[in-house]
Structures are given as C-alpha cells and as structure tokens.
Amino acid sequence: MTIRDKILIIEDEQSIARFISTILAANGYETMLARTGSEGLSMVSSNCPDLVILDLGLPDMDGMDILKSLRGWSSLPVVVVSARSHEKDKVAALDMGADDYLTKPFGTDELLARVRTAMRHTRTATGNDELARRGTYSVGDLVIDYNKHQVLVGGVNAKLTLSEFRIVALLGKHAGKVLTYDYIIRELWGPRAGSDNQILRVNMANIRRKIEKNPAEPQYIFTEVGVGYRMAEGDGN
Ligand code: CA
C-alpha cells in the first residue's frame, strides 16, 4: 500500500475548491479543504500536508500574508492560485517563496503538472532524477550534458556560448518550474547584477535560434510573460 500525498487546498470559492479537490482525488492525492486563511494556517500545523494550494484572495486574510507567515517556519511546497492576471502579483508570490502559480481559470493538466513539479522539487536536490543519475537532462530532441557543458539537439552540438549554456542548464535543473527573470539574473551574474532583463532577453533570443525549430513557437523553453521562463519537462523524470 502506498501512502498518498496530502494536499491542503485553501480556497474560499466552493466551485473552484471542489474542482481542484475532485481532480486531485481522482489522481491519487488525499485532499483537505480550508475556506479561510486562519483555518488554512492551523490545518497546516495540525495536518502536516505535503503541499498547499493557496488562493491569494481569501475573505479573512491576504494570501500573500499567509505565504509570508508560512515561509517563516516551513518550506512546504506552495502553489498559489490567483484570479489576478497581473504579472507583478505572480512575481511577488514567487519572490515570497511560492513554488509556482496557477492563474484562474486553469485546466486539469496544468493543475496536475504544477503539483507534480512542486512536489518533486522538494524531494530531490535537483528535482530531476535523470540529472542526478546521469548528469544529463533530456526533453524531446534536446539533451543538456552537464559534464561536457554542451546542449545537443538531435545529437548535434548547438554550440551555445558559456552564458547561454548556463541559462539553459539552470532552467533544465528546475525543469517544469517557472524561474523569474530576477532569479535567473541573480543566479548567473550575482546579486549585484541588477534587474535589467535586456541581457537575458538577448541571450534567450540567441538560445532559441540555436535550439528551437521555430523560435517564435518554442517547444523547449517557454516564456511566462512578465514573469520569467520555464523549461519543458521530459518524460524521463
Ligand atoms: Ca478567493
């Protein structure tokens, strides 16, 4: 018998809570529901969930305050759900320690993908089994070879520059997860690099020209508008 992962849903809108709960239950998760922020916070400490799905717009508390309070003592994976389409809210939630976000309305596949990825990243250091075992990450025809510092497409070296390789390598290490522009810049160029996205955008344009069949419709590295980039997930994870 396998122990099912417990997911706490903190969401006041009943139809959405039921939608999320039904999908997760049908996919083997155990679900619990809280309708207010204070109820949610107390359920985190009393029920020890494996992951929290947190609505940002709750009747009694702002979801951001809940996230802030949670992050004071817990590294539990949190996927934020927001009706707000403003990019700055998503970036703020990610900066506050959310693992990922869903924007209402979202579909079944998106929900399950975000939950799976957030759960996996807390279990393995890299979040990526293939990378841990073999030092490579592959998705479709793309292979990132972390030992040789190369990216291959269909077996052919894409000849990335060192900066380009480091961007792809970082995204591959966190495949499936959105990384904000600021996070990528800080990781690669240090905390004093500032938050000018221009250099990142230029690098990404070059990367896409080298690795994507159609740079305008990328299949490996997706843009999350106003937020950051997300590497596609491979089958081998
Ligand atoms: Ca709400």
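Odds and ends about this structure:
- Under the condition of being away from the ligand (no atom under 15 Å from the Cβ) and more than 20 Å from T122 (Cα to Cα), the residues counted in region 45-62 number 1.
- Filtered by the rule that a residue be in a helix (DSSP H, G or I) and either free of Cβ contacts under 8 Å to residues at least 60 places away in the same chain or open to solvent by 60 Å² or more (accessible area, probe 1.4 Å) (or both), region 1-25 gives Q14, S15, A17, R18, F19, S21, T22, A25.
- For region 83-112, the set of residues classified as touching a Gly at 6+ places or on another chain (Cβ under 7 Å) and either free of Cβ contacts under 8 Å to residues at least 60 places away in the same chain or β-branched (V, I, T) (or both) consists of A83 only.
- Residue, farthest from the chain's Cα centre (by Cα), within region 195-212, restricted to residues that are in a loop (DSSP other than H, G, I, E, B) and surrounded by 12 or more Cβ atoms within 10 Å (Cβ to Cβ): E212
- Scanning region 214-233 for residues that are in a loop (DSSP other than H, G, I, E, B) and surrounded by 13 or more Cβ atoms within 10 Å (Cβ to Cβ) yields P215, P218, Q219, Y220, G226, V227, A232, E233.
- Unique match (being open to solvent by less than 40 Å² (accessible area, probe 1.4 Å), at pLDDT below 95 and either aliphatic (A, V, I, L, M) or farther than 16 Å from D99 by Cα (or both)) among E164, E130: E130
- Inter-residue pairs, beta-carbon under 6 Å, first outside the structural domain of Y29 (by TED's automatic domain parsing) and in region 42-61, second open to solvent by 50 Å² or more (accessible area, probe 1.4 Å) and small (G, A, S), 6+ apart: none
- When we screen S38, S42 for residues that are among the small types (G, A, S), part of a helix (DSSP H, G or I), more than 16 Å from the chain's Cα centre (by Cα) and away from the ligand (no atom under 16 Å from the Cβ), the only hit is S42.
- Considered as a group, the residues in region 45-70 that are more than 11 Å from L8 (Cβ to Cβ) and assigned to a strand (DSSP E or B) include one that is least open to solvent (accessible area, probe 1.4 Å), and that residue is D55.
- Any hit, region 77-87, residues being more than 16 Å from the ligand (Cβ to nearest atom) and either closer than 17 Å to I7 by Cβ or out of contact with any Ser or Thr (no Cβ under 8 Å at 6 or more places or on another chain) (or both): yes
- Top-ranked residue of region 80-108 - restricted to ones that are in a strand (DSSP E or B) and not aromatic (F, W, Y), ranked as farthest from the chain's Cα centre (by Cα): S82
- Inclusion of E30 among residues that are within 11 Å of the ligand (Cβ to nearest atom) and touching a residue at least 24 places away in the same chain (Cβ under 8 Å) is not warranted.
- Among the residues of region 71-105, just one is of a type in the set (F, W, Y) and crowded, with 16+ Cβ neighbours inside 10 Å, namely Y101.
The values are calculated or read from the model by the stated rules, or taken from the named source; none is laboratory data. Since the model is a prediction, treat every value here as computed from it, not as a measurement. In this analysis, Cβ positions are derived from the backbone assuming ideal geometry, glycine residues included, and neighbour counts consider all displayed protein chains. Quick note on the areas: whole protein, heavy atoms, side chains included, nothing else; ligands and nucleic acids left out. Shrake-Rupley method; radii C 1.70, N 1.55, O 1.52, S 1.80 Å.
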